[in-house]
Amino acid sequence: MIKLAEAVFQHLNSWGLPVLLLIVGIIEFLFGLYNKQADRNEFMIDLMSFAIPKILFRPVLAYFSLRLLPVLLPGMQGVFSWVPFFWGVVIIAVADDLTQYWNHRLHHQVPFLWRFHRTHHSAPYMGVAVYFRNNLIHVLLFSQVYLVVTLVYLGLGYPALFVAGMKALIVSAAHSSILWDKPLYRNKWLHPVAWVLERFISTPATHHAHHAVTSDDGIGYYKGNFGNMFFLWDIIFGTGIITRKYPGAYGISHYERDEWYAQFLWPLFKSKVADSELSAGGPMVRMDDEPAEIGVEEKTRT
Amino acid sequence: MKLEKTVARKLLRDGIISLFLYALPVILMFLYFYIRGERPWKEQQGHSSVIATKK
């Protein structure tokens, strides 16, 4: 058992992480942490999002690193291999995660980009499966993996892989329905630890708030909390809120279960749900559905 | 649907701050080397030229 755990962490960036998250996903499922909203359509989106990029990405990344990078950055292979491991980790952690913060924020705040990111938010539940749940075109066009591969090419291989592994663990733990941060808020003597941690990295409380169905209950905040590995960016730019509470409902208020293939492959396939953001001729950003007593203020997903 | 002006302004402001944040760890690393009098990039150049000579 210990040897298996060792092997998982040694191969975190290849097969280790998918195996680890698969185990966590099964635990979440067995403990009923995926609520009853997870039907066959949702399961198909999660399954495709987990499996297909792993098959498709290998040839794409091989082409990118072996063919494209030597042309784009000629003579620069290994040029930064002199950078010490510690500084490499710090530089890459900032470069990678700040870029992803911007990637994420722009997908929420620029109306044109929202539909590429919508699939990640349509899940009416939280869990490690949501971490993988993405539109395929979005993954191929906007993945951070290209940055990591470029850094490996430039000679920052070990720090890049270390950061990629650390980030995958933190971000998947923030999506998990196992509320590992809850004890930090319950026990008063742990509050100083909680104070630092929730400002530094994404936790289930802050990231679940980002996946909430509403931003109007004082807990959910899909209009912010964009941080992936580090929550620090939200603190610096004033785009985050910390409540130490978990939303009552997740997803998109006007979600009507668009077909899994439309969510996974939009814009190649369109949704048949009328007025869906993913349907042919549908709105770029649809206003949130609100209960009559709340729906005074005009609200959008952006 | 267009990008709101206030959102665009905030994006620009935060984008400029981000340039500084990207540069910060690189600046700190060179500051660290300067204080300790180290030049690891020179060592690598020397190492590369030794290998080239041996060939």
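For the protein assembly as shown, the Cβ-based charge dipole about the Cα centre amounts to some 1080 debye (Lys, Arg positive; Asp, Glu negative; other atoms uncharged). Evaluated with a Cβ-only charge set (Lys, Arg +1; Asp, Glu -1), the stretch A:82-229 carries a dipole of roughly 160 debye about its Cα centre, given to the nearest 20. For the stretch A:17-103, the solvent-accessible area with a 1.4 angstrom probe is 58 square angstrom per residue. Between residue A:55 and residue A:137, take the C-beta separation as r, use R0 = 25 Å, and let me know the FRET efficiency to the nearest 0.05. Computed FRET efficiency for residue A:55 and residue A:137: 0.95.
Interface burial in the stretch A:61-88 reaches 10 Å² or more for A:81, A:82, A:84, A:87, comparing the full protein assembly with the chain by itself; accessible area from heavy atoms with a 1.4 Å probe.
Where a ≥ b ≥ c are the square roots of the eigenvalues of the C-alpha gyration tensor, would you call the stretch A:61-206 rounded, which needs a/c under 1.5, or, failing that, prolate if a/b is larger than b/c, or oblate? It is oblate, given that a/c is not under 1.5 and a/b is not larger than b/c. Averaged over the residues of peptide B:12-23, the number of Cβ atoms from other protein chains lying within 10 Å of each residue's Cβ is 3. Selection among A:73, A:218, A:95 by position relative to the dipole of chain A gives A:73 as farthest towards the positive end (Cβ unit charges, Cα centre). Which of the residue pairs A:54/A:167; A:223/B:5; A:167/A:188; A:223/B:10; A:188/A:223; A:223/B:2 have a Cα-Cα distance greater than 21 Å in the structure shown? Among A:54/A:167; A:223/B:5; A:167/A:188; A:223/B:10; A:188/A:223; A:223/B:2, the Cα-Cα distance tops 21 Å for A:167/A:188; A:188/A:223. Once the chain from residue A:144 to residue A:19 is taken as fully extended at 0.36 nm per residue, the excess over their C-alpha distance is 42.9 nm.
Applying 1/(1 + (r/R0)^6) with R0 = 45 Å to the Cβ-Cβ distance of residue A:169 and residue B:43, what FRET efficiency is obtained, to the nearest 0.05? Please report the intermediate quantities before stating the final value.
On the way: r = 33 Å, r/R0 = 0.74.
For residue A:169 and residue B:43, the calculated efficiency is 0.85.
The A-B contact accounts for roughly 2000 square angstrom of buried accessible surface, both chains included, probe 1.4 angstrom. Only one residue of A:283, B:24, A:122 has its Cα farthest out toward the positive end of the dipole of the protein assembly as shown, where Lys and Arg carry +1 and Asp and Glu -1 on Cβ, and that residue is B:24.
Here the sum of -39500 (n - 2.57) over DSSP H runs of 4 or more residues, divided by the residues of the protein assembly as shown, equals -18000 deg cm²/dmol at 222 nm, to the nearest 500.
Would you work out what percent of the accessible area of the stretch A:32-174, with all protein chains in place, is carbon or sulfur (probe 1.4 Å)? The computed percentage sits at 74.
Each label was represented as a point 7 Å from its Cα along the Cα-to-Cβ direction; for residue A:44 and residue B:5 these points are 4.6 nm apart.
Between residue A:274 and residue A:178, what is the FRET efficiency for a Förster distance of 35 Å, r being their Cβ-Cβ separation, to the nearest 0.05? Mind showing how you got there, number by number?
Details: r = 37 Å, r/R0 = 1.06.
So, using R0 = 35 Å, E works out to roughly 0.40.
Comparing A:104, A:163, A:205 along the charge dipole axis of the stretch A:2-265, the residue lying farthest to the positive side is A:163, per the Cβ-charge model. Near the amide H of residue A:279, within less than 5 Å, lie the amide hydrogens of A:271, all on another chain or at least 5 residues away, with H placed in the peptide plane. Projected label points at residue A:195 and residue B:16, each 7 Å from Cα along the beta carbon direction, are separated by 3.3 nanometres. Note on exposure: A:154, B:24 ranked by accessible area (1.4 Å probe, complete protein assembly) read B:24, A:154, with the most exposed listed first.
Between the exposed loop cleavage positions of chain A, defined as chymotrypsin sites (Phe, Trp or Tyr not before Pro) in a non-H, G, I, E, B DSSP state with at most 11 neighbouring beta-carbon atoms within 10 angstrom, the longest gap is A:32-179.
The values are calculated or read from the model by the stated rules, or taken from the named source; none is laboratory data. The structure presented is a predicted model; accordingly, all values stated were derived computationally and were not measured. Don't worry about glycine lacking a Cβ; one is built from the backbone with ideal geometry, like all the others, and counts go over all protein chains shown. SASA here: full protein model, heavy atoms, side chains in, ligands and nucleic acids out. Shrake-Rupley method; radii C 1.70, N 1.55, O 1.52, S 1.80 Å.
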